[in-house]
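Report on the structure given below.
The values are calculated or read from the model by the stated rules, or taken from the named source; none is laboratory data. In this text, all values refer to a predicted model and were calculated from it rather than measured experimentally. When we count neighbours, we look across all protein chains shown, and the Cβ atoms used for this are built from the backbone with ideal geometry, even at glycine. Note: areas computed on protein heavy atoms with side chains; ligands, DNA, RNA excluded. Shrake-Rupley method; radii C 1.70, N 1.55, O 1.52, S 1.80 Å.
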Amino acid sequence: MPHFVGGKRWPGAGERTGFVYNPSTGAVAATVPLASARDVAEAVTSSERGFQEWSGWSPLRRARVLFRFRELAELQAAALAELIAAEHGKVVADALGEVRRGLEVVEFACGIPHLIKGEFSSGVSTGV
C-alpha cells in the first residue's frame, strides 16, 4: 500500500511501516509505509504544483474533470463499497450509502444544485 504522490504510486523514503487492520476481524489486512519528513515535503511540493495548474483552469474545465471522476466512481461503486466495508468494519449496504453521499458531494462541487436553481457566476470565462 504505497503513497500516492504526483499522480503516481510512490514508495517514499521512510523506513517505518504500520499495519492496517480489518476492524471486523482484527486481522492484518495490509502494511502501509509511514511517511518520513522528506516524504511529506515531497507530497506538499507536488500538491502546490498541482494547485498552480488546477487554479489556472476555467470552472468549466474543472467541472469536466469532476464529472469524469464521478462517472468512474459510479462505475466502481460496488468495489468502493467493498473497500470501505473492509477498512471500516461496516456492512456493504452502509458503505454503498457512503459512496452515494460522496457522489452527491462531487455533484455539489460541479455546481449541479446551482444549475437546477438557475444560478450562475457572472464574469467567469468558460474557455477551456
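Can you give the calculated 222 nm mean residue ellipticity of the chain, where each DSSP H run of n ≥ 4 adds -39,500 (n - 2.57) and the sum is split over every residue, rounded to the nearest 500 deg cm²/dmol?
Working: 5 runs with 72 residues, N = 128.
Here the helix-only value at 222 nm equals -18500 deg cm²/dmol.
Suppose the chain between residue 47 and residue 91 were pulled fully straight at 0.36 nm per residue; how much longer would it get relative to their current alpha carbon spacing?
On the way: separation 44, 0.36 × 44 = 15.84 nm, distance 3.37 nm.
Result for the pair: 12.5 nm of gain on full extension.
Using only Cα atoms, figure out Rg for the chain and give it as a multiple of 2.2 N^0.38 Å.
Working: Rg = 18.6 Å, N = 128, 2.2 N^0.38 = 13.9 Å.
That ratio works out to 1.34.
Quote the accessible area belonging to residue 47 in square angstrom, nearest 10, computed with a 1.4 Å probe and with ligands, DNA and RNA left uncounted.
Only protein atoms counted, so the area is about 80 Å².
In Å, the Kirkwood hydrodynamic radius of segment 1-63 over pairs of distinct alpha carbons? Don't skip to the end; give the middle numbers.
On the way: mean 1/r = 0.0721 Å⁻¹.
Evaluated on segment 1-63, it is 13.9 Å.
7 Å from Cα along Cα→Cβ at both residue 98 and residue 58: what's the point-to-point distance in nm?
3.8
Would you mind working out the accessible area per residue for segment 1-52, using a 1.4 Å probe, and quoting it in Å²?
Details: 3890 Å² over 52 residues.
Per-residue value: 75 Å².
Counting only protein chains, not ligands or nucleic acids, how are 94, 39 ordered by accessible area (probe 1.4 Å), most first? Working shown, then result.
Numbers: 94 90, 39 5 Å².
Sorted descending by solvent-accessible area, the residues read 94, 39.
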